[in-house]
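K.L.:
What follows is a single structure, and I will ask about it in a moment.
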Amino acid sequence: MGGRLVLVGCGKMGGALLGGWLDRGWAAADISVVEPDAASAEHLKEKWGIAAVADPGELDPGAETVVFAVKPQVMADMVHAYRPFAVGGAVFLSIAAGTPTAFLKGFLGADAAIVRAMPNTPAAVGRGITVLCANPHVTADQRAACTNLLAAVGETAWTEDEGDMDAVTAVSGSGPAYVFLLIECLAEAGVAAGLGADLAARLARATVAGAGELARLSDDPAATLRQNVTSPGGTTAAALDVLMAGDGLQPLMTRAVAAATARGRELAGG
């Protein structure tokens, strides 16, 4: 059994991808899922009517694309089982953070076509962004196929330098957590200023979500949008004097992204 596309792992990100593909018109019959967790497999069958297999050996290795949507720490234990798919000419699309293409090539073969990608969690609502990087064995058609798969859950961009992927992970892969922390901090600041907790939380969430949507839809750079909100000598300016001080948000964010980038490099190095 098997389809043109094999999805390995159907957790949160794998499920988001699968939902995006089906919404985009992919036929369930063209998608095979490998999911050894029985509860996840049952949920998959109930939600989308797709029967997962626990062992890739049950599938036809003639698939065109194999998507690895598993946690990085389990890669070494499972990826070798997919070498027959490399022999069959498949392209491997990995979204495992901190897992270099060279690591996968060691299991899949020297000539394996491998694309490393870093999506982020807004993919769950079709608003993700993914950066992709291919090894030299990936053809133009395979690059286009991988772009199409990730475009189902948001924007895509390519880099030709795999060394960029650690910084990409630090900015966009980890970035949603920074935004969620901003919502938490803004709500707590509202409570400290005298608001009730429920109202402060609602204001913080809606403000961040609305500002993000405005930034997405506007052609203006973020700096212009910020200036549009800021009246000289007004309340916003008073707050920005704190946030844009020498020890304010920018140096804090720069240190945070640098720390995440450095940790990504450590993990990639084993």
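FYI, it's all coordinate maths here, none of it is from the lab. Please read all numbers here as calculations on a predicted model, not as lab measurements.
K.L.:
Tell me, what is the percent relative contact order of the chain, built from C-alpha pairs under 8 Å that lie six or more residues apart?
P.N.:
For the chain, the relative contact order is 14 percent.
K.L.:
Measure out, as a whole number of angstrom, how far apart the alpha-carbon centroids of segment 86-112 and segment 156-201 sit.
P.N.:
Going from one Cα centre to the other spans 31 Å.
K.L.:
Run the numbers for residue 256 and residue 78: contour at 0.36 nm per residue of separation, minus the present Cα-Cα distance, in nm.
P.N.:
Length gained, residue 256 through residue 78: 60.8 nm.
K.L.:
Sticking with this structure for a sec: Would you compute, from DSSP H runs of 4+ residues alone, the mean residue ellipticity of the chain at 222 nm, taking -39500 (n - 2.57) per run and dividing by the full residue count, rounded to the nearest 500?
P.N.:
On the way: 12 runs with 132 residues, N = 270.
Computed ellipticity for the chain at 222 nm equals -15000 deg cm²/dmol.
K.L.:
Using only Cα atoms, find the angle between the long axis of helix 140-151 and the longest principal axis of the chain, and express it within 0 to 90 degrees, rounded to the nearest 10.
P.N.:
On a 0 to 90 degree scale, this one is about 50.
K.L.:
Compute the relative contact order of segment 159-212 as a whole-number percentage, counting only Cα pairs closer than 8 Å that sit 6 or more residues apart in sequence.
P.N.:
Averaging sequence separation for qualifying contacts and normalising by length gives 26 percent for segment 159-212.
K.L.:
Report, to the nearest 10°, how far helix 175-192 tilts away from the longest principal axis of the Cα atoms in the chain, using its own Cα long axis and a range of 0 to 90°.
P.N.:
The angle comes out near 30 degrees.
K.L.:
May I ask you to compute the full-extension gain from residue 247 to residue 58, defined as 0.36 nm times their residue separation minus their alpha-carbon distance, rounded to one decimal in nm?
P.N.:
On the way: separation 189, 0.36 × 189 = 68.04 nm, distance 5.72 nm.
Gain on stretching residue 247 to residue 58: 62.3 nm.
K.L.:
What is segment 89-243's relative contact order, in percent, from Cα pairs under 8 angstrom and six or more apart in sequence?
P.N.:
15 percent
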